[in-house]
Amino acid sequence: MTSQSDERYTYAAGARAGRLGWLEAGLPLIRLLRPHQWVKNAFVAAPLFFNPHVMSLEAVGLVALGILSFCFVASAVYVLNDLVDRESDRLHPKKRFRPLASGQVTPVAGLTAFVVVLALGLALAFTLDPSFGALVGLYFLVNVAYCFALKNISIIDVLTITFGFVLRVGAGATLIGVDVSVWILMCTGLIALFLALAKRRDDLTKSLGSAHRPALNGYTKPFLDAVTSLVLGALLVAYMMYATDTEVAERLQTDQLYLTMPFVVAGILRYLQISLVEERSGAPTVVVLSDTFLIGCMACWFFVFTYLIYF
């Protein structure tokens, strides 16, 4: 006869196994949403950060919810992209381990996740502000076009990615009711374009052909290197103009923004080194969040800029 202690042990062991089963089933779904990519949506907060006169707890809370809505919609886009690309992803040395490409998540489960996070994101966005919701909806539609067509057209593919980042900044400005500086929009677009070009160069370095990404037929390393140099030159000029602009100085009540320029130059040079020398710029988000030098440059820029405009 089984003792009560044995029964309790068997029940507890079964409960632990059940929890582990749910965990193992849930982790691939979480990875499918790519939460590590959500850092990109911090661009929604840029208009608030660069307009200290509207900074308040209410504005911070509003922007935080705006970022959350973008995170949900962005995750829906990632799921859709993985659903569409699961066959070609199996040919990629790293993407073949993605949940849908590897078979850890079924297409039905992926489609369900897509519907749920998209509904949550759009509902939250329109609840916050109809105009903001319209921009979030536009972001989703542009990315749907990217998933099904635009990503296969060279140059258009990287410009579409760039537009997505600029749209985030514009949406953030709409949410808190401020006008965003043209210099901020320009710098945002050039940074995004640079990262997209670096990713395409990494794809070529890994010898990925048109079977994985048809747009690669329109790129070569010399072309990407030349365009990257052009974009970075424009970025440096744009930031220098922003940091020394008299109108910006009057609005932010400081004429010392030029002190942040060394950190911008150092960060750009480091990412160039990662892309051209070390040739490992395939996942910009991972690179930015894992490289100590880049993290140091961004932290120094943030603290110096914050001190200049808030203290």
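The values are calculated or read from the model by the stated rules, or taken from the named source; none is laboratory data. Just so we're clear, the structure is a prediction, and the values are computed from it rather than from any experiment. As a convention, Cβ positions derive from the backbone with ideal geometry for all residues, glycine included, and neighbour counts pool all protein chains shown.
Here are some residues: Asp179, Asp203. Which one is over 17 Å from the mean Cα position of the chain (by Cα) and assigned to a helix (DSSP H, G or I)?
None of the other options fit; the residue is Asp203.
Residues in the stretch 284-305 that are free of Cβ contacts under 8 Å to residues at least 12 places away in the same chain and surrounded by 13 or more Cβ atoms within 10 Å (Cβ to Cβ): Ile295, Gly296, Phe302. Residues satisfying the criterion are absent from the stretch 200-214 (criterion: more than 30 Å from Arg96 (Cα to Cα), out of contact with any Ser or Thr (no Cβ under 7 Å at 6 or more places or on another chain) and in the same structural domain as Val287 (by TED's automatic domain parsing)).
Reported count of residues in the stretch 260-311, each being at pLDDT below 90, of a type in the set (Gly, Ala, Ser) and assigned to a helix (DSSP H, G or I), is 2. Could you tell me which numbered condition Val287 fails, if it satisfies all but one of (1) over 25 Å from Asp255 (Cα atoms); (2) more than 18 Å from the chain's Cα centre (by Cα)? Failed condition: (2). A search for C-beta distances below 8 Å between a residue of the stretch 154-171 that is under 17 Å from Asp203 (Cβ atoms) and without any contact (Cβ under 8 Å) to a residue 24 or more places away in the chain and any residue that is basic (Lys, Arg) and in a helix (DSSP H, G or I), counting only pairs 6+ apart in sequence or on different chains, returns Thr160/Lys151. The set of residues in the stretch 183-192 that are among the aliphatic types (A, V, I, L, M) and over 18 Å from Leu294 (Cβ atoms) comprises Ile184, Leu185, Met186.
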